[in-house]
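Here's the structure we're looking at; comments come further down.
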Amino acid sequence: MSRVDSSPAWVLAHAARTPDAPAVDSPWVRLSYRQLADRMLALAGHLRAAGVGQGDKVLIALPLGPAAVVAGLAVQALGACAVELDREAGAASLDAILAQTGARQAFLFGQDARRWTGKPVLSHLYVVHASPPPERMLQVLAPAACTWVQEDGALAPEAQPTPLDTLPSTPADAHAAIVYTSGSTGTPRGVIQTFGNIAANTRSIVEYLGLTPADRAHLILPLHYCYGKSVLQTHLLVGGSVFLDPRFMYPQVVLEAMAAEGSTGFAGVPLTFELLKRQASPEALSKLKLRYLTQAGGGMAPDTTQWTREAFHPAELYVMYGQTEATARLSYLPPRLAKEKAGSIGIGIPGVELRVVAEDGTPLPVGETGHLVARGANVTPGYLDAPEETAAVLRDGWLWTGDLAWRDADGFFFLVGRAKEILKVNGHRVSPAELEHHLASHPAVKEVAVVGVPDALGGEAACAVVVPHTGAEVKDDDLRRFCRESLPAHKVPKHVVFTDALPRGPAGKVLKAELRTRYSSVGSS
């Protein structure tokens with residue numbers, strides 16, 4: 001059985017070579033590699049004493065900060081599996097995850113204590129709090145034993161753990177993380193990421209971004225999101241540093257910190273750059289020292305992509321595509337080809353093979369639309385305790401991404417849309433993504449999402465949910481006329497509705513299921 005190094009091993013190696021180099025910082029805490037390693041080993045020792053061993057699953061529900069980094073590293077230093085969750089997860093989801101993982105230990109943020117009441121399966125809770133947890137908080141969390149963890153990831157002095165002295169040898173196929181996504185049934189679905197998956201994906205990203213110890217990422221994305229976690233992992237691998245900044249509700253503050261910290265890299269989803277486009281001042285942008293930017297988490301409007309390239313110049317923008325089932329990343333578009341291959345998700349990252357295939361898995365020729373599939377060492381072995389869902393996406397060694405795409409003659413891939421979201425309008429297949437890109441080019445449209453709704457005449461109809469620019473005067477007929485000018489009749493949305501904002505999940509993705517429910521009756525009158 002093959003063995004693989006891991007994030008904890010990378011941290012220890014850098015702590016030995018460059019102990020005083022910055023590793024993980026935030027607006028309130030700064031940790032060198034020596035400090036990060038010491039906190040990781042101390043916490044790992046405490047977890048071991050609390051009964052955590054290889055293969056065990058430990059829940060982590062913490063805000064973006066050094067304590068969350070230390071917790072994840074400490075769990076994996078034991079060869080155990082980190083289950084990082086959104087702090088806002090509802091009670092039903094949390095109960096389902098506890099039952100599925102069998103976790104007996106968890107890390108939580110002190111102010112979230114009441115969400116963790118009535119969880120008798122948990123024997124030990126690690127409470128991250130600015131000061132010793134007050135008695136009333138401990139009473140809420142009883143009968144679980146509680147250990148105070150400071151915001152820099154250090155244990156309370158009285159804990160006096162025996163630090164972990166050596167890292168166990170970790171099999172490549174051992175579970176390192178479970179990342180939860182929403183399943184097709186609406187219940188949480190845990191994507192397994194092995195130590196081998198993480199090592200392979202991290203090294204591939206490092207290779208095409210050209211990361212070095214001099215790189216410093218400014219991270220605003222949560223660590224329970226595989227995109228955010230990959231930013232951390234890539235910089236820990238090369239001995240770079242990460243500045244964790246949870247203040248993106250104030251974009252100007254983040255930009256000022258980015259300049260002051262000398263950050264060289266910044267990662268965002270489409271909403272990130274849309275907000276910066278609206279609020280970033282030219283003066284703040286001019287002070288940045290960025291070498292590169294990355295964008296993933298869905299397609300970005302062409303005008304926002306263009307603004308990002310111009311506003312952050314000379315930093316290069318890497319448009320990327322990935323999935324949780326691929327640990328983080330599947331493809332990237334080299335910045336030098338941004339204009340020539342506009343709209344493309346690029347080529348497979350090092351070590352990943354992409355294909356476009358028919359329903360039966362037969363490869364399709366250049367230019368023909370089909371299912372996008374992938375294979376590589378970064379692809380998950382499956383979903384936790386979900387053999388049927390695993391079999392549906394993993395077929396003959398290939399990950400079926402659920403996306404439709406086509407490939408050009410140079411081997412670059414272009415997404416058409418999610419296979420399950422493709423609309424069937426009067427016998428025609430209609431791509432919501434195509435309609436969204438077209439409508440987004442209208443000067444009055446700030447954001448748009450297209451979903452299928454029941455048609456009063458039977459079948460399905462396209463409904464465009466539009467967020468207009470402030471002060472824009474636009475009617476539904478105006479937008480339908482705009483579509484008719486360059487699209488065939490079956491692609492013109494039958495319904496256009498207006499809203500102040502699109503519903504989004506924690507990672508910034510539009511919640512289309514919510515939109516379908518909200519506007520399901522729009523065509524019934």
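Nothing in this text is a laboratory measurement; each read-out follows from the coordinates by a stated rule. Everything quoted here is computed from the prediction, not taken from an experiment. Positions of Cβ are backbone-derived with ideal geometry, glycine not excepted, and every protein chain shown enters the neighbour counts.
The figures follow:
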read-out: Debye log10 I(q)/I(0) at q = 0.18, 0.25 Å⁻¹ for the stretch 341-410, Cα point scatterers; value: -0.72, -1.19
read-out: Virtual spin-label span in nm between Ala214 and Ala409, 7 Å along Cα→Cβ; value: 4.0 nm
read-out: Per-residue HN-Hα couplings for the stretch 22-37 [Karplus 6.51, -1.76, 1.60; θ = phi - 60°; Hz; x = Gly/Pro]; value: x, 10, 10, 10, 8, x, 10, 9, 10, 10, 7, 5, 4, 5, 5, 5
read-out: Principal axis dimensions, largest first and in whole angstrom, of the stretch 213-276 by Cα; value: 30, 26, 15
read-out: Radius, Kirkwood style, for the stretch 329-371 when every pair of distinct Cα atoms is counted (Å); value: 11.7 Å
read-out: Full-stretch length increase - Ala91, Lys420 - with 0.36 nm per residue and alpha-carbon distance subtracted; value: 115.6 nm
read-out: Overall form of the stretch 74-138 per C-alpha gyration tensor (a/c, 1.5; a/b vs b/c); value: oblate
read-out: The chain: equivalent-ellipsoid semi-axes (sqrt of 5 x gyration tensor eigenvalues, Cα, Å); value: 39, 25, 24
read-out: Two-decimal ratio, the stretch 335-456, of alpha-carbon radius of gyration to 2.2 N^0.38 Å; value: 1.20
read-out: Phi-based couplings in Hz for the stretch 241-246 (Karplus 6.51, -1.76, 1.60; Gly and Pro marked x); value: 9, 10, 9, 8, 10, x
read-out: Point-to-point label distance, Lys339-Ala49, nm (Cα→Cβ direction, 7 Å offset); value: 6.3 nm
read-out: 4 °C / 1.567 mPa s Stokes-Einstein diffusion coefficient of the stretch 422-518, Kirkwood radius on C-alpha pairs, µm²/s; value: 95 µm²/s
read-out: Under-5 Å amide H pairs with Phe107, H placed in peptide plane, nonlocal only; value: Leu59, Ile60, Ala61, Tyr126
read-out: Contact order normalised by residue count of the stretch 422-518, Cα under 8 Å, 6+ apart, percent; value: 26 percent
read-out: Extreme residue, positive dipole direction of the stretch 422-518, given options His437, Val497, Val467 (C-beta unit charges); value: His437
read-out: Total charge dipole magnitude, the chain, about the Cα centre, Cβ charges on Lys, Arg, Asp, Glu only, Debye to nearest 20; value: 140 debye
read-out: Amide H contacts of Gly153 (H built 1.01 Å from N, under 5 Å, at least 5 apart or other chain); value: Ala67
read-out: Nearest-0.05 FRET efficiency for Glu485 and Glu207, computed from C-beta distance (R0 45 Å); value: 0.50
read-out: Gyration tensor verdict on the stretch 13-87 (Cα atoms; rounded if a/c is under 1.5, prolate if a/b is larger than b/c, oblate otherwise); value: oblate
read-out: Percent RCO, i.e. relative contact order, over the chain, from Cα pairs under 8 Å lying at least 6 residues apart; value: 10 percent
read-out: Helix-only [θ]222 nm of the chain, DSSP H runs n ≥ 4, -39500 (n - 2.57) each, per residue, nearest 500; value: -8500 deg cm²/dmol
